[in-house]
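Read through the structure below, which is laid out as structure tokens, and then see the notes.
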Amino acid sequence: MKKKTILLLILCLACLVSMLSGCGDKKPDDSQSGSADPVILIQIPSGVYVEELSKRGMLFVSDAGQGLTSFRIEWSGGAYSHARWEMTGAYNSEKNAFLYTDGIYIETEYNDQQQGNDKVVYTHGTGSFTYSGSKVVWLGDNETDRGAVTFVFEKTLEDYNRDTSNPGSPVEIPVASATPAPSGENQPGSVSTPTPAPSAAPSPSPEAQKLPIITKHPTDETVKAGGNCMFIARYENAIWARWHFVSPDGKMDIQYDAINTQFPTLVVLRGEYSDMRLQNIPYELNGWRVYCRYSNNDGYTDTKTALITVQPAPAPTATPAPTEAPAPEPTVEPTPGLGPVVNDWTDTDSIIEATYGAGFNFTPPLEQTIPEGLTLKGYRYQPGILEADYADDQGQVQLIIRKSNSVSGQELHGDFNSYTKTWDHTLKGLVVHCLGNGDTVNTCWFDPGDVHFSISYHMGKEGSGLTLDQINSIVNCMQ
């Protein structure tokens, strides 16, 4: 009996030990595990999202590469104000959100002539984006932000670009009636232009007061083949502008950035602005028309069309041979530190003239990003290069910013001074090549896509350059 009791006690202790050890190793079944695990999100679908309540804000989401997501928020405040936020976010698994630390907030106020004045409210802003279903929630940490804002998916970026450029139908004719052709007899080689048929899309109703309002329509232009011309329109209460070309028979409507499929040699500048410039106009463009489409979050309004009359280029005349060789032109020595081909520069105070002469658009950095004590002196340009000069109170140029579509590196910035250190700084995936002492930058250059930029400050004065934060601010708001 005693042996049986001891044996029973041993069996009970063994069972107890087994139960205790099993408790620590026991795992829930698959269904329990699945219900407890958090949903991990590492990507927000690219596309256009619209603010859920007022519909006045738009969020553009795209892949920025290297594990980053690009966010841009456009918010219309009416005819006289507009706000824009830009930032890049990285996914944080602990917070299940995309966090950013490089936010830029810019407010634009317009006067009665629709001239905009940009104000940088902040840089290096912080906040987060979270995604659930088809909604993105933005929460900015800065006091001027709007708190938690919800955006709902509207369409893909491809659909948005297609609808913005040509909404309604694959081939759309502008709603506005055609502008009459110039009076008098047709110029040699001109083409009689029929009035385009109205689009199937209805004209804006009178009560749609939120649509853009056209205050100036473009006018007809006559130009020699190979020449240049400009079309100007004006508006109120618009966010975007896009110029379109309409064929003489009215069967083709082509946005400015696709017109080279028809006219490969035609150069179009400022196709997204109110003043579009055309260069190297081919004779085949004769009889075509242009109009500008202004749009906002509520819809779009088209200007009237303007006729392009292209006259044949004059036949070249024979140049008599000179009786004696002309005296050679004196060689102009380059100015130290001001880059290549100095004798070809043209000075101007007009950004319009500078972009027209250089052959591409240029958006200078905002005034708030420029070092204190410097103001914009003016612009210099030559074909393929544009320069913005900033000077102190004594008129001495201290900051030089250049953009080019043909040259880069030292050939662009022209700084031949020796510096202690050469290094690369990465900004949002963009590699900025720097010269200086390692702490401050005297000259840097970078190549986003097919264009090239350089920034030079106190050239040759090592230790008196720009900080990396200043470089970031200038680069972030310059195009």
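The values are calculated or read from the model by the stated rules, or taken from the named source; none is laboratory data. Computed from a predicted model, the values in this text were never measured in an experiment. Cβ atoms come from the backbone with ideal geometry, glycine included; neighbour counts cover every protein chain shown.
For this structure, a couple of remarks:
- Residue within the stretch 414-431 that is on the phi > 0 side of the Ramachandran plot, in contact with an Asp or Glu (Cβ under 8 Å, 6 or more places away or on another chain) and assigned by TED's automatic domain parsing to the domain that holds Ser454 present: yes
- Some residue of the stretch 47-59 being assigned by TED's automatic domain parsing to the domain that holds Lys155, touching a Gly at 6+ places or on another chain (Cβ under 7 Å), part of a strand (DSSP E or B) and modelled with pLDDT under 90: yes
- Residues of the stretch 221-238 that are assigned to a loop (DSSP other than H, G, I, E, B) and in contact with a Ser or Thr (Cβ under 7 Å, 6 or more places away or on another chain): Ala233, Ala238.
- Any chance Ser473 is part of a loop (DSSP other than H, G, I, E, B) and not aliphatic (A, V, I, L, M): no
- Annotation: of all residues in the stretch 349-378 being of a type in the set (Val, Ile, Thr) and surrounded by 16 or more Cβ atoms within 10 Å (Cβ to Cβ), the one that is modelled with the highest pLDDT is Ile370.
- When Leu399, Leu412, Leu435 are checked against the criterion of being crowded, with 17+ Cβ neighbours inside 10 Å, in contact (Cβ under 8 Å) with a residue 24 or more places away in the chain and either within 21 Å of the chain's Cα centre (by Cα) or part of a strand (DSSP E or B) (or both), Leu399 stands alone in meeting it.
- When the residues of the stretch 65-109 are filtered to those that are hydroxyl-bearing (Ser, Thr, Tyr) and under 16 Å from Thr130 (Cα atoms), the one that is farthest from the chain's Cα centre (by Cα) is Ser93.
- Filter result (without any contact (Cβ under 8 Å) to a residue 60 or more places away in the chain, assigned to a strand (DSSP E or B) and within 26 Å of Cys477 (Cα to Cα)) within the stretch 131-165: Val137, Leu139, Gly140, Ala148
- Any hit, the stretch 250-257, residues being closer than 21 Å to Glu353 by Cβ and touching a helix residue (DSSP H, G or I) at 6+ places or on another chain (Cβ under 8 Å): no
- When the stretch 71-91 is limited to residues that are touching a residue at least 24 places away in the same chain (Cβ under 8 Å) and more than 19 Å from Ile239 (Cβ to Cβ), the one that is surrounded by the fewest Cβ atoms within 10 Å (Cβ to Cβ) turns out to be Tyr91.
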